[in-house]
Amino acid sequence: MSETADFALDSTLGLSLVVIFGLLWIIFGWYLGRANKTHEDFALAGRNVGFALAAATAMATWVTSNTTLVAPQLTYQFGIWGMVGYSFAALGLILFAPLAARIKRLMPKGYTSGDFIRLRFGRAAWWVFMVISVVYAFGWLVSLGMAGGILLQALSGLDYHIGMTAILIICVGYTLFGGLRAVIATDFIQALIIIIGVVGIAWYLIDTVSLESIHTELSENHPRLLDLMFPAAIMFLFNNIFFGLGEIFHSNVWWSRALAFKGKVAFKAFLLGGLLWLPIPIVTGFIALAAPQLGIFPPSADMVGPMVAAEVLGKVGAIVVFIVVFSALASSLDSLLAATSDLVTRDFYHKKLRPQASDKQLFKFNRYCIAGIGLLTWLFCLPQIATLGALLNFAGAFVASTIFPIVLGLYQNKLSGTYAAVAMASGTLLGLVSYFTIGFYVAALTACAISAAVCAVGVMRSRNRFDWNKLQESS
Amino acid sequence: MPDRARFVINIALLLLITLLARPASAYVLSWQTESSNQSNSELPELSAPANSREGYFVLSLSKSPTQDLIVEYSTDEEFREINRTYAWFGDFQDMTLTGFSDGTHYFRLKVSSSEPAENTHQETQLSNVVQVQVDHYALEQALTLFSLGGVLFAILVVIILYQHQRSRAHE
């Protein structure tokens, strides 16, 4: 292992790929955006998304830096459990299927998850929820922007800031032109690219580097990666599940989809999206297990996936990896930009600042918002502050505290706003304490457990019954 | 948005990306061009965290490498036996290692021996030695958290499925 480790692509080729893909997506977004006539068209794609597009966007949005970069990272760090545990994040989509059906039934004219919290739990809970949503949205946005930079750096040695800037400009560009319609349509194409690409890479890897040689190398030199009794990995398992559940249950990315899907499509779409997603982290994670056998020891654990694929597949492989990961990042980044700007437009601008705003003004503000959020994300991405996994799991302490308040809020009319607010705030705080005192792999679990306990007390002590008709707010 | 504005945005995007690019040659680590004036340069200082509870950790260099480097790993402080070597990747300053069991692990740098015979004297150049103490969490602690997570998850699934069925029946 003494040869120089060079990059799979030269930086000019890497840049050319970025420019070509960027222009294609932006032109496509502009083309689709021509059909947007009202703010509802722009924000919720006219509430008319059919089953095929719905399932594809559910799956593609969930395939992100999480699956293409962080799943290999966690496999590299936690071994078998990292890989299997990561695939359990599919449970988030699968368990959101019944919730999505319920959301659509309770709020057929709703816009955002913030709407639900405000109407169901009142102002105090809404503020706590908005803080959690904003922290999470920026945590995820920053991790996606960072992932773009890391991807290009790992494959071509191109400066981190260039890749990061490029992916943000591209995603802001086509979301700005096309709104949710463009986001969902590009997600469909990106989903196809991701599935074909990931399966192709894994197939070639197994064919080139045998399973037996990978197993031998790991057994001899990295035994903990094969150990099913690996303590930190065991601690990580349910933490990852609750993190995934919290991400999906609270985020307007998924609520806006549930509300945009046609009729009763939501339940089937999320179920199928989850089942399609389930094997992807296994495949991407497996790639990382081959790293020691190939003599690849990355600068940062989140770079291991692209580096292994590029090493095994050479230049062509590096291009494939680039296209797959770039598609995965774009499919999530655009969704998050659109959903976060909807949340700000609807919950802050329309409901707090300008209740009389016309449809045209909302449409315009939404677009300014997308550009502003893109710029803010870029500023946060400039200093590469943490690994992707650590950054994402920091947000885990926030989002996991919303799981029980949301589930009980949707189904149980006894939980009051005060208890929901206390559950989310105390869960987040103690989740953060565990994040800093134990590690990132327990933050979500702690937050969820505390929040569940507070909600249980709230339901038992409550004397009030919520009137579900209060959720029917005119827009 | 008017056509002209779209055109301007596209051109600006192209220009921005192109102007920010570093030339590919800036990243090529080639001993042929560099070894002549850098063969005598000192090795960067190696650093590492003192402890790890997960068996993975990051080794760091005090500056970007200017020559091909190898990390030597041993469980012996005196390096009487080298257990494994790791090639340093590119001009990055960090390397993440993983999968280590409980114990004290020692690391040091040396210059790669892939260069021609006349340069092999560089192999003797060694860096400082760093040690990492790996001490995994107790299994009992991990299993307690695992059980807590399992119970909480089961409760959540039962609530969702039960309420979903109930809500459908109510319809």
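Residues in the stretch B:56-68 that are modelled with pLDDT under 90 and either farther than 20 Å from B:Q125 by Cβ or more than 7 Å from chain A (Cβ to nearest Cβ) (or both): B:K63, B:S64, B:P65, B:T66, B:Q67. The set of residues from the stretch A:197-218 being among the charged types (D, E, K, R) and either under 23 Å from A:A89 (Cα atoms) or surrounded by fewer than 13 Cβ atoms within 10 Å (Cβ to Cβ) (or both) comprises A:D207, A:E212.
Condition first: small (G, A, S) and either touching a Phe, Trp or Tyr at 6+ places or on another chain (Cβ under 9 Å) or closer than 13 Å to A:L343 by Cα (or both). Now tell me which residues in the stretch A:355-376 satisfy that. Selection gives A:A357 alone.
Annotation note: of A:A101, A:A90, A:A71, the sole residue that is surrounded by fewer than 24 Cβ atoms within 10 Å (Cβ to Cβ) and within 26 Å of A:Y441 (Cα to Cα) is A:A90. Criterion applied to A:V134, A:V142 was being away from every other protein chain (no Cβ under 14 Å), β-branched (V, I, T), out of contact with any His (no Cβ under 8 Å at 6 or more places or on another chain) and surrounded by 22 or more Cβ atoms within 10 Å (Cβ to Cβ), and the one residue passing it is A:V142. Restricting attention to the stretch A:431-449, which residues are over 23 Å from A:G114 (Cβ atoms), touching a residue at least 40 places away in the same chain (Cβ under 8 Å) and in a helix (DSSP H, G or I)? Across the stretch A:431-449, the qualifying residues are A:Y435, A:F440, A:Y441, A:V442, A:A443, A:L445, A:T446. Selection of the stretch A:172-211 for residues being modelled with pLDDT of 80 or more and within 14 Å of another protein chain (Cβ to nearest Cβ) yields A:V172, A:G173. If the condition is being under 18 Å from A:L69 (Cα atoms), in a helix (DSSP H, G or I) and either free of Cβ contacts under 8 Å to residues at least 12 places away in the same chain or of a type in the set (A, V, I, L, M) (or both), then the stretch A:129-161 contributes A:L141, A:V142, A:L144, A:M146, A:A147, A:I150, A:L151, A:L152, A:A154, A:L155. Listed conditions (1) closer than 27 Å to A:L218 by Cα; (2) at pLDDT 85 or above; (3) within 14 Å of chain B (Cβ to nearest Cβ) are all met by A:W378, apart from (1).
Here A:A100 qualifies as touching a strand residue (DSSP E or B) at 6+ places or on another chain (Cβ under 9 Å) and part of a helix (DSSP H, G or I). Of all residues in the stretch A:219-230, those satisfying the criterion of being surrounded by 23 or more Cβ atoms within 10 Å (Cβ to Cβ) and part of a helix (DSSP H, G or I) are A:R224, A:L225.
In the stretch A:407-430, the residues that are within 13 Å of chain B (Cβ to nearest Cβ) reach residues that are outside any helix (DSSP H, G or I) and crowded, with 22+ Cβ neighbours inside 10 Å with C-beta atoms within less than 8 angstrom, at least six apart or across chains, in these pairs: A:L408/A:L415; A:G409/A:L415. For the stretch A:436-449, a residue qualifies if it is surrounded by fewer than 22 Cβ atoms within 10 Å (Cβ to Cβ) and of a type outside the set (S, T, Y), and the qualifying residues are A:F436, A:I438, A:G439.
Remark: A:P383 matches the filter, which requires a residue to be not in a helix (DSSP H, G or I) and not aliphatic (A, V, I, L, M).
The values are calculated or read from the model by the stated rules, or taken from the named source; none is laboratory data. Every value quoted in this text rests on a predicted model; they were computed, and no experiment measured them. When we count neighbours, we look across all protein chains shown, and the Cβ atoms used for this are built from the backbone with ideal geometry, even at glycine.
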